[in-house]
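To start, the structure under review is shown below, and the notes come after it.
The values are calculated or read from the model by the stated rules, or taken from the named source; none is laboratory data. Since this is a predicted model, take the numbers as computed values, not measurements. Here Cβ is always computed from backbone atoms with ideal geometry, including for glycine, and neighbour counts include all displayed protein chains. SASA here: full protein model, heavy atoms, side chains in, ligands and nucleic acids out. Shrake-Rupley method; radii C 1.70, N 1.55, O 1.52, S 1.80 Å.
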Amino acid sequence: MSRAILALALVATAPAVAAEPAPAAAANHPLEFIDTSFENASPLWYDFAPDGTVLVHLLYDHERSSPNRAAGHIHFQLQAKPGSTLTLEFTNLDNVWNGVSGSVARELKAVVISENGRDWKSVSLESLPTNRVRLHVEMPGPRLYVARVEPYRLSDLDRFLASIRSDPLVQITPIGKTVQGRELEIVRVGNPRAPFRVFLRARAHAWEPGGNWVVEGLVHRLLKNDADAKKYLERYCVYILPMANKDGVALGRTRFNLEGKDLNRDWDKPADPILSPENFALEQWLEKMIKADQTPNLALELHNDGNGLLHVSRPPVPELPRYLERMATLEELLRKHTWFTEGSTKESFRNAGTLGEGWLERFHIDAAVHEFNCNWIAGLKDHPSARHWQDYGEKLATVFYEYFGSIKP
Ligand SMILES: [Zn+2]
């Protein structure tokens, strides 16, 4: 295009853009602002539909060299006239997962709201056609937080680690850094000479805080210093990577690390130290443990989704029968000692590259992904809350005790 024609084209289009009227709905709207400036807030933009509905456009995060993208982390503060009723509609829920389009709208059934960012209550969402969901809220005061599930921020982890750091049963060891240089740590609880070791990782996916509350519950139970805690720790020692995707949590991302890598993928091969430093650090730690004859006997990768299943992958490995038998034992104990009722994945299930499948394939460790349903806890007939997940973590102490009691070192 010549310069003259380009200039003409600009003249022709510019007035049309300038003349587009601002939606009248915004003028006297009770919503003053949506604040996303704080820790773990979800990046988004918003505008107003003619009927006054606030259209909240969540931003996707994208996977490197992949069609995969994810939105669905929700955490922001509404600032609006007290007593006013707001209708919010969430868009951009068209995620791509394992290369397949799939809207997260089907999984998104509830959010939580809070005036102070500490005490939350669940609110159901209304499902709309074309992959949108709607929220109706009344403003109890000038400010109201809205989140997908009760948030667990980096500052919550820091507070938790500070509260247990001086306990003689706890050792917190730095193992490496995230893409943005945040320190990753392994929290050891108990005696490393105990006959069994269990490893847990939480928060590979930034939007999924349930695992962090579970970890808190488990650690608090083991540090109670009563007869049961002593009995548990004589049998097993716990190793935890409490927040794998710290950068994503800090910045309010949904799934991937800041290099666009999914930290619950690629475990079928050695970790990339540049693109997935979070996994590389963990892999180095694991290899040291294996060399020191301290291989974890069980590894659980903790997640949130809309189903809450135990993911038992079936890669073609010789130890598969042993693995399946032990996972059946684990499931039985979860049903017996916790509110778990969701069950495990079907026989045809595989999810290649997850920590569950990859650690079994490469390191012969009995490993599984444990999802926690973020909409509903069927076993309690209640909405999930931090308190419920902490309670689950406390009960895991007994589950591990009996699980290791059922297998030979
Ligand atoms: Zn996940």
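For the chain, with a Gaussian network of springs between Cα atoms less than 10 Å apart, report the residue from E347, E150, E89 with the top mean-square fluctuation. Comparing E347, E150, E89 in a Gaussian network model of the chain, the most mobile one is E347. Calculated accessible area for the chain comes out at 43 Å² per residue, all protein chains present (probe 1.4 Å; ligands, DNA, RNA ignored).
Relative contact order, whole percent, for the range 19-134 stands at 21, derived from Cα pairs under 8 Å and 6 or more residues apart. Where the centre of each part is set by its Cα atoms, how far does the range 331-360 sit from the range 118-193, in angstrom? A separation of 23 Å, based on Cα centres.
Show me the GluC sites (Glu not before Pro) within the range 371-409 that DSSP assigns to loop and that have at most 10 other Cβ atoms within 10 Å of their Cβ. Of the GluC sites (Glu not before Pro), not one in the loops of the range 371-409 has a Cβ with at most 10 other Cβ atoms within 10 Å.
Compute the acute angle (0 to 90°) between the alpha-carbon long axis of helix 3-19 and the principal axis of greatest extent of the alpha-carbon atoms of the chain; round to the nearest 10°. Value to nearest ten degrees: 90.
Residue ranking by accessible heavy-atom surface, 1.4 Å probe, largest first, among H57, H370 comes out as H57, H370. How much of the pair distance distribution for the chain lies past 36 Å, counting alpha-carbon pairs only, in percent? Counting every Cα pair in the chain, those more than 36 Å apart make up 29 percent. Given a 1.4 Å probe and the protein chains as shown, H62 ends up with an accessible area of around 110 Å². Taking the protein heavy atoms of the chain in the context of the full set of protein chains, the accessible area attributed to carbon and sulfur is 53 percent at 1.4 Å. Of all DSSP-defined beta bridges confined to the chain, some 70% are antiparallel rather than parallel. The residues L78, L44, L324, sorted by heavy-atom accessible surface at 1.4 Å with ligands and nucleic acids left out, run L324, L44, L78 from largest to smallest. Pairs exceeding a 30 Å alpha-carbon distance, out of K224/K269; K230/K269; K261/K291; K109/K224; K121/K336; K269/K381: K224/K269; K230/K269; K109/K224; K269/K381. Rounded to the nearest 10 square angstrom, K224 shows an accessible area of 120 square angstrom against a 1.4 Å probe. The value of relative contact order for the chain, using C-alpha pairs under 8 Å at least six residues apart, is 15 percent. When the Cα positions of A71, S276, I407 are compared along the charge dipole of the chain, I407 comes out farthest toward the positive end, with charges on each C-beta of Lys, Arg, Asp and Glu.
D272 contributes an accessible area of around 60 Å² to the protein surface, as traced by a 1.4 Å probe with all chains present.
Within the same chain, aspartates and glutamates fewer than 8 places from K81 are excluded, and of the rest, those with a Cα less than 20 Å from its Cα are E32, D35, D47, D51, E89, E115, E138.
Calculated mean residue ellipticity at 222 nm for the chain: -9000 deg cm²/dmol, from DSSP H runs with n ≥ 4 weighted as -39500 (n - 2.57), summed, divided by the residue count and rounded to 500. As a length-normalised measure over Cα pairs under 8 Å and 6 or more apart, the relative contact order of the range 201-355 settles at 27 percent. Checking every one of the trypsin sites (Lys or Arg not before Pro) in the range 99-181 against DSSP loop status and a limit of 11 other Cβ atoms within 10 Å picks out R118, R165.
The angle between the Cα long axis of helix 210-222 and the main principal axis of the chain comes to about 30°, on a 0 to 90 degree scale.
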